[in-house]
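A.B. asks: Take a look at the following structure, please.
The values are calculated or read from the model by the stated rules, or taken from the named source; none is laboratory data. It should be emphasised that the depicted structure is a prediction, and the values quoted were computed from it without experimental measurement. Neighbour counts run over all protein chains shown; Cβ positions are idealised from the backbone, glycine included. Keep in mind that these areas ignore ligands, DNA and RNA; they rest on the heavy atoms of the full protein, side chains included. Shrake-Rupley method; radii C 1.70, N 1.55, O 1.52, S 1.80 Å.
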Amino acid sequence: MTLAVELPLEGDRPYRVNITSEQLDADTLQAFGVWVGTRVGYIYVPATRNIKDVRRAFANIVNGAALHVRRGERRLKELQKLHDDITKETASLAEGLAAYLRNYLSEVRSIEFEFDPLAIEDFVSLRGVKLDDGANTPLDQKGDGVKSLFALALMQFIAYRQPSARLIFGIEEPESHLHPSKVYDVKSSLRGLSANHQVIVSTHSPILVQRDSIGSNIIIGRIPGGDFACCAKPARRLQEIQLALGVKPEDNLLTASVVVVVEGATEEACMAQLLVRVEPALGPAFADGQVRLLSAGGASKMVGAVRSLALYSASCVILADSDKVGAEAARAVLSSGLVGGADVYVVPPKTNLRETEFEDVFSPDVYLNELNAACGVALTPAQFQTARLHSGSRTAAPAKWSDVMSDLFRLAGKRWEDCEVAAKTAVGRAIAAKANLVPLADIAFLQGMAQQIRRYRTP
């Protein structure tokens, strides 16, 4: 059985729960509404940011504080009894008032007073907030961006104070009045809140799109024809969200709906062929541009690349190396809140190496001829293996691919820094050309990434 639950907001008053059902009687519905209202907290932040909105959320803190003061629970019960006695006594006066009113309106049968329930914020009411950020002034006199961030911090604080509470956060346009760089921080914070509580936001920002769960994005659209009316429906495809937000196909990264972000030129040149090797169904998606590859130009630039793609509502899947900078990049991308844990992959570390890069997965026989031609060197597989062996010691495992190549280029009278991009591009092209010859066992780690891309591509 499904119950329709409505949470109307009435100014500063606490929300009430209206539940409708054709299968339950009125008393049962009312009892269930009370049960929901006392066990689920709803904190609403409208698009306008002012002290009135803060006051509504602040009531949650006041209620929590009341239970922590000395004999707080007993004193609250005494207040409740006083409230009930006063309302009962006041209600008894209704008939007297009705008698006077009948002197003018003889058809009046009775008068019934309706009272608001007891609310602790009626006793402790927030008049204002002063914020000292270099200028100790009321919050209402701060900029709209400061007000928005204060509201977000207040919600986080409430969630922190009530870790076991059932809270629903409703936030209108959390990106309003904020610099774009701050919107990324807001998304990270909202993702953190949603780990333990339900978070509902209305937004026009592509940055806040829930790309790792397309169906969690609800599109509000006008029903064509007739009087003005709207409908709400879960998104089935990323393109529907892009259309609703006004993101034009030509504005997207080569019209891609999924972008695989990699560290460098090697991966960018061959990843499509390798992913199609482990998952042939991705072939058409790469061919029509719905899935694209993007080199961030280094591990340290991966977060910036993902942030840029967020502006176009593109789903991102990340691959980083298993070295220090790659691990830092993976952590930074995750902490940005722009992607979920299911979107971030790392090259499996080789147990016989100190660190592992993407190029370490492949045998030098696959790519050395192309690398030599591109960089003007004459390296052999035997030289590479010898240099790798010498890069280690009794106490340290051999070095990663780029460190070994740097030593080899130095011995060949070349600066690795001058040749790195050309070398990696040549390596990637060689791997791409021989993708069908690469043992599947060597690239089995790409299977999970291929499946994640397919999930984004499947409605």
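A.B. asks: Which condition does Ser110 not pass, out of (1) farther than 17 Å from Ser194 by Cβ; (2) hydroxyl-bearing (Ser, Thr, Tyr); (3) at pLDDT below 85, if it passes all the others?
C.D. replies: Failing condition for Ser110: (3).
A.B. asks: Here's something else I'd like to know. Mind listing whichever residues of the range 424-446 are under 14 Å from Val366 (Cβ atoms) and of a type in the set (A, V, I, L, M)?
C.D. replies: Ala426, Val427, Ala430, Ile431, Ala432, Ala433, Ala435, Leu437, Val438, Ile443, listed by residue number.
For every residue, the table says whether it meets (1) among the small types (Gly, Ala, Ser); (2) under 20 Å from Ser336 (Cα atoms).
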| position | (1), (2) |
| --- | --- |
| Asp140 | no, no |
| Leu149 | no, yes |
| Ala153 | yes, yes |
| Val183 | no, yes |
| Lys187 | no, yes |
| Leu190 | no, yes |
| Ser194 | yes, yes |
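A.B. asks: Among the candidates Ala378, Ala397, which residue alone is outside any helix (DSSP H, G or I), touching a residue at least 24 places away in the same chain (Cβ under 8 Å), open to solvent by 30 Å² or more (accessible area, probe 1.4 Å) and in contact with a Lys or Arg (Cβ under 9 Å, 6 or more places away or on another chain)?
C.D. replies: After applying the criteria, what remains is Ala397.
A.B. asks: Also, I was wondering about something else. Counting only residues that are in contact with a Ser or Thr (Cβ under 9 Å, 6 or more places away or on another chain) and of a type in the set (A, V, I, L, M, F, W, C), give me the strands (runs of 3 or more DSSP E) lying completely in the range 66-176 with at least 2 of them.
C.D. replies: 166-172
A.B. asks: Would you point out which residue out of Val333, Val306 is at pLDDT 90 or above, in a helix (DSSP H, G or I) and among the hydrophobic types (A, V, I, L, M, F, W, C)?
C.D. replies: Step by step, each of Val333, Val306 is checked, and only Val333 is at pLDDT 90 or above, in a helix (DSSP H, G or I) and among the hydrophobic types (A, V, I, L, M, F, W, C).
A.B. asks: Moving on. Could you say whether any residue in the range 222-236 is modelled with pLDDT of 80 or more and surrounded by 15 or more Cβ atoms within 10 Å (Cβ to Cβ)?
C.D. replies: yes
A.B. asks: Could I ask something else about it? Out of Lys414, Lys424, report the one residue that is of a type in the set (Lys, Arg), open to solvent by 70 Å² or more (accessible area, probe 1.4 Å) and more than 18 Å from Tyr345 (Cβ to Cβ).
C.D. replies: None of the others qualify; the one that does is Lys414.
A.B. asks: Continuing with the same structure: Can you find even one residue in the range 114-122 that is modelled with pLDDT of 85 or more and open to solvent by less than 70 Å² (accessible area, probe 1.4 Å)?
C.D. replies: no
A.B. asks: Additional query: With respect to Val54, is the statement that it is among the hydrophobic types (A, V, I, L, M, F, W, C) and modelled with pLDDT of 70 or more true?
C.D. replies: No, not satisfied.
A.B. asks: Now, a different point. Using the structure shown, decide if Arg277 is open to solvent by 10 Å² or more (accessible area, probe 1.4 Å) and within 27 Å of Val186 (Cβ to Cβ).
C.D. replies: It is false that Arg277 is open to solvent by 10 Å² or more (accessible area, probe 1.4 Å) and within 27 Å of Val186 (Cβ to Cβ).
A.B. asks: Shifting gears a bit: Among the small types (Gly, Ala, Ser), out of contact with any helix residue (DSSP H, G or I) (no Cβ under 7 Å at 6 or more places or on another chain), surrounded by 10 or more Cβ atoms within 10 Å (Cβ to Cβ) and touching a residue at least 12 places away in the same chain (Cβ under 8 Å): is that true of Ala99 in this structure?
C.D. replies: Judged against the criteria, Ala99 is not a match.
A.B. asks: Being of a type outside the set (A, V, I, L, M, F, W, C) and part of a strand (DSSP E or B) is the filter here, so list the residues in the range 180-211 that pass it.
C.D. replies: Across the range 180-211, the qualifying residues are Gln198, Ser202.
A.B. asks: Give the range 168-181 a look and list any residue that's at pLDDT below 85 and farther than 24 Å from Gly341 by Cα, or say none.
C.D. replies: Ser176, His177, Leu178, His179
A.B. asks: Moving on. If I ask for residues that are under 23 Å from Ala397 (Cα atoms), in contact (Cβ under 8 Å) with a residue 60 or more places away in the chain and crowded, with 16+ Cβ neighbours inside 10 Å, which ones from the range 330-366 would you list?
C.D. replies: Within the range 330-366, Val347, Phe358, Glu359, Val361, Phe362 meet the criteria.
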